[in-house]
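The values are calculated or read from the model by the stated rules, or taken from the named source; none is laboratory data. None of the values given here were measured: they were computed from a predicted structure. Neighbour counts run over all protein chains shown; Cβ positions are idealised from the backbone, glycine included.
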Amino acid sequence: MDFYLSAILLGLGFSSMAMGIFISMKIFNIPDITTDGTFTLGGALTAVLIMSDFHSLLSMPAAFLLCAFAGAITGFIHAKMKVNALLAGILVMTALYSVNLAIMGKSNIPLIGKALVFEIITFAEDGNLNRFVYLFLMILICAFFLDRLLKTDFGIAMRATGNNEQMARSNGINTDRMKITGLAIANGFTGLSGYLITQVQGFADINMGIGVVILGLGSVMMGEMIVRLFGSNSIIIQITAVISGSILFRLVLAFALSIGIDPLYLKLVVAVFVLLIISIPNLRKSHA
Amino acid sequence: MLEIRNLQKQFNRGTANEITAVDKLNFQAWRGEFIILVGSNGSGKSTLLNLIAGNLNADSGSIKLNGDEIVEYKEHERSRLIGRIFQNPLSGTSPDLSILENFRLAYLRDKCKSLRIGTGNDFREMISEKIRELNMGLEKKLDQEMGKLSGGQRQALTLLMSVFARPTLLLLDEPTAALDPKSSVQLMKLTEMLIQDNQITAILVTHNLKDALQYGNRILQMSEGKIIRDFDAESKKNLNLNELVSWF
Ligand SMILES: Nc1ncnc2c1ncn2[C@@H]1O[C@H](COP(=O)(O)OP(=O)(O)OP(=O)(O)O)[C@@H](O)[C@H]1O
Ligand SMILES: [Mg+2]
């Protein structure tokens with residue numbers, strides 16, 4: 001049981017990143033690979049700040065802002081320098097590897113003997129349950145914030161930019177600036193995920209971000225399948241579905257491990273699984 | 001007032017495929033003028049509208065709107081003064097956003113997109129009233145996604161949206177090309193009414209010569225990137241279909 005609970009904890013922790021991918025992928029149609037780098041960036045900054053005795057709550061806005069800045073750079077390279085979005089993301093992700101290493105000073109920082117965010121107030125005696133409450137509340141706040149944001153005038157302009165750029169521009173929207181801001185917000189969410197996961201697992205690692213963009217895409221796709229079940233397309237349902245997708249994804253991985261799949265093949269399992277989720281709707285279509 | 005001087009646009013410059021789509025073009029349009037722009041395929045009509053709207057950048061020349069030089073302005077900046085309807089009904093609206101949200105953007109065209117939620121009841125009432133005038137029953141579907149409407153419905157809404165923030169200039173590039181005859185007539189009538197009511201300068205591109213005769217108070221013909229005919233309201237009235245056909 002504990003095994004699945006920790007899967008749920010990870011799923012919650014990663015769901016902020018999945019919301020980031022939701023913004024870049026579903027709203028802007030950009031598969032943003034910067035995510036791999038900003039996830040680690042968020043984790044690295046969190047670990048370094050906490051180990052330097054800063055309050056763990058302080059590293060939350062710090063991680064968000066720094067990662068948002070990195071996302072804005074990808075946005076700038078794409079929107080202003082007219083570089084293909086995928087390439088812009090790869091460039092920034094690559095650069096971030098060095099930045100992350102410089103911030104961390106070594107490839108792994110264990111969080112030993114320091115107060116983590118889960119220790120501010122104790123909600124439950126059981127450690128994992130306590131973490132669950134914290135993560136749940138934080139993700140709830142993130143989801144609420146994102147839902148509100150997307151309904152504001154600014155949010156509508158952002159959605160229009162990704163949906164029909166020509167229409168957006170002919171309605172007075174500075175689409176370049178929107179893309180830059182949007183990728184900044186998306187990566188801010190990813191940084192938040194790095195912040196949470198680092199504390200869930202108790203360490204930051206230079207390689208912790210490898211492949212997270214696929215996890216995020218998988219969660220968003222799973223979310224889409226869930227949305228189809230609901231038959232409603234409201235923003236809050238989409239966001240809830242993305243979070244559920246992230247948790248479900250972790251549970252599937254936990255299940256794969258529990259039936260004895262070698263952890264060595266975990267990434268292979270992830271890739272095949274994501275491919276399945278992406279292609280199932282298409283396969284069904286071609287049968288119909 | 002719109003004033004265009006020596007406007008020039010070439011594609012594939014410096015290559016064997018170089019083509020001058022708009023060639024040192026000059027003309028002026030006055031407030032409230034409803035200009036019909038005709039010309040054969042490839043004569044440069046869409047390119048001209050794209051240059052005015054800022055969707056394409058001119059190689060040289062000047063475009064003045066109400067005395068301001070706008071040729072250096074970006075498309076989103078010009079759109080505060082210029083409304084547009086495209087040939088493709090899908091181009092003018094955002095399919096995943098609701099009707100209400102699309103209109104919110106039209107309303108904000110010349111305003112700041114802030115962090116407030118502006119699609120509340122007051123705004124909903126106002127839009128509902130506007131849309132009711134279309135007589136399409138769409139005022140009851142404000143929360144419906146734009147992408148679920150028909151081309152004619154979307155085109156009519158695009159038109160309403162484009163005049164919502166009272167533009168100085170309205171550009172319409174074959175707005176009825178994808179519509180059935182009945183919707184076309186409806187849309188043309190609506191266009192005429194909105195242009196007159198708001199005293200907007202408008203340029204309408206059309207291949208429908210009957211429309212070209214029936215609507216507007218000036219007619220221009222383009223050929224090879226230049227304006228080769230320019231008839232004012234008086235001479236346009238005396239124009240008949242046979243004569244117009246003979247232009248091509
Ligand atoms: N993006 C482009 N790249 C290269 N050539 C172009 C481009 N757009 C237009 N042209 C060329 O410029 C010329 C004018 O095209 P334009 O689309 O303005 O014509 P049009 O008058 O709108 O024609 P139609 O009635 O068919 O819509 C054509 O020869 C066209 O091939
Ligand atoms: Mg054309």
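At a glance:
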read-out: Test: residue in the range B:124-133 that is within 19 Å of A:ALA157 (Cβ to Cβ) and facing another protein chain (nearest Cβ under 10 Å); value: no
read-out: Residue that is in a helix (DSSP H, G or I) and modelled with pLDDT under 95, where the choices are B:ASP197, B:ASP230; value: B:ASP197
read-out: Filter result (closer than 20 Å to B:ALA202 by Cβ, of a type in the set (A, V, I, L, M), without any contact (Cβ under 8 Å) to a residue 60 or more places away in the chain and away from ligand 2 (no atom under 16 Å from the Cβ)) within the range B:36-70; value: B:ILE70
read-out: Top-ranked residue of the range B:37-67 - restricted to ones that are within 14 Å of chain A (Cβ to nearest Cβ) and of a type in the set (Gly, Ala, Ser), ranked as nearest to B:LEU169 (Cα to Cα); value: B:ALA53
read-out: Yes/no for B:PRO175 being in contact with a Phe, Trp or Tyr (Cβ under 9 Å, 6 or more places away or on another chain) and part of a loop (DSSP other than H, G, I, E, B); value: yes
read-out: Listing of helices (runs of 4 or more DSSP H) fully contained in the range A:159-238 that carry 1 or more residues being more than 28 Å from A:THR40 (Cα to Cα) and more than 11 Å from chain B (Cβ to nearest Cβ); value: A:212-230
read-out: Looking only at the range A:8-53, and only at residues there that are of a type in the set (S, T, N, Q) and surrounded by fewer than 24 Cβ atoms within 10 Å (Cβ to Cβ), the one that is farthest from A:VAL133 (Cα to Cα); value: A:ASN29
read-out: Residue ID - farthest from ligand 1 (Cβ to nearest atom), chosen from residues in the range B:179-215 that are farther than 29 Å from B:GLU77 by Cβ and small (Gly, Ala, Ser); value: B:SER183
read-out: The range B:83-114 - residue that is small (Gly, Ala, Ser) and not in a loop (DSSP other than H, G, I, E, B) and, of those, farthest from ligand 2 (Cβ to nearest atom); value: B:SER98
read-out: Pair list, Cβ under 8 Å, 6 or more apart: the range A:76-101 residue assigned to a loop (DSSP other than H, G, I, E, B), other residue among the charged types (D, E, K, R); value: A:LYS80/A:ASP176
read-out: Matching residues in the range B:200-227 - criterion: being within 19 Å of the chain's Cα centre (by Cα) and in a strand (DSSP E or B); value: B:THR201, B:ALA202, B:ILE203, B:LEU204, B:VAL205, B:ARG218, B:ILE219, B:LEU220, B:GLN221, B:MET222, B:ILE227
read-out: Residue in the range B:234-242 that is more than 14 Å from chain A (Cβ to nearest Cβ), more than 16 Å from ligand 1 (Cβ to nearest atom), charged (D, E, K, R) and surrounded by 16 or more Cβ atoms within 10 Å (Cβ to Cβ) present; value: yes
read-out: Some residue of the range A:213-222 being in contact with a Gly (Cβ under 6 Å, 6 or more places away or on another chain) and touching a residue at least 60 places away in the same chain (Cβ under 8 Å); value: yes
